[in-house]
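Each remark here refers to the structure printed beneath this line.
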Amino acid sequence: MKKNMGTADRILRILVALAIIVIYFTTSWLSSTLTIILLALSGIFILTGFISFCPLYLPFGINTCGAKVNS
C-alpha cells in the first residue's frame, strides 16, 4: 500500500475520531444504532489515519500526501 494521505488529512481524521469518542463518553443522547455507526466510523478514521492510506481514495484518484504519483 502506498501512502495517499497527507499530514493534515491524517490529523483531521484522528481529531474527528477522538471528538466522536469524547461525545460518546460525555453524553447520553446518542441512540444505540447511531452509537455503533459512529464508533465504527471513528475506528476506521483512526486506522486510516495511522497507516496513511484510505482505500476510498483509490477509485477517485485522490492523493493528499503531496508525493507525485507516476502515471
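The values are calculated or read from the model by the stated rules, or taken from the named source; none is laboratory data. Keep in mind that this is a model prediction, so the values were computed, not measured. Cβ placement follows ideal geometry from the backbone for every residue including glycine, while neighbour counts extend to all protein chains displayed.
Any idea how many residues of segment 8-54 are more than 12 Å from the chain's Cα centre (by Cα) and β-branched (Val, Ile, Thr)?
9
Taking segment 1-40 on its own, how many of its residues are under 20 Å from residue 61 (Cβ atoms) and not in a helix (DSSP H, G or I)?
6
Go through segment 36-47 and give me each residue that's modelled with pLDDT of 90 or more, among the β-branched types (Val, Ile, Thr) and out of contact with any Leu (no Cβ under 9 Å at 6 or more places or on another chain).
37, 44
With respect to residue 43, is the statement that it is part of a helix (DSSP H, G or I), surrounded by 12 or more Cβ atoms within 10 Å (Cβ to Cβ), at negative phi and touching a residue at least 40 places away in the same chain (Cβ under 8 Å) true? Lay out the reasoning, then the answer.
On the way: part of a helix (DSSP H, G or I): yes; surrounded by 12 or more Cβ atoms within 10 Å (Cβ to Cβ): yes; at negative phi: yes; touching a residue at least 40 places away in the same chain (Cβ under 8 Å): no.
The answer is no for residue 43.
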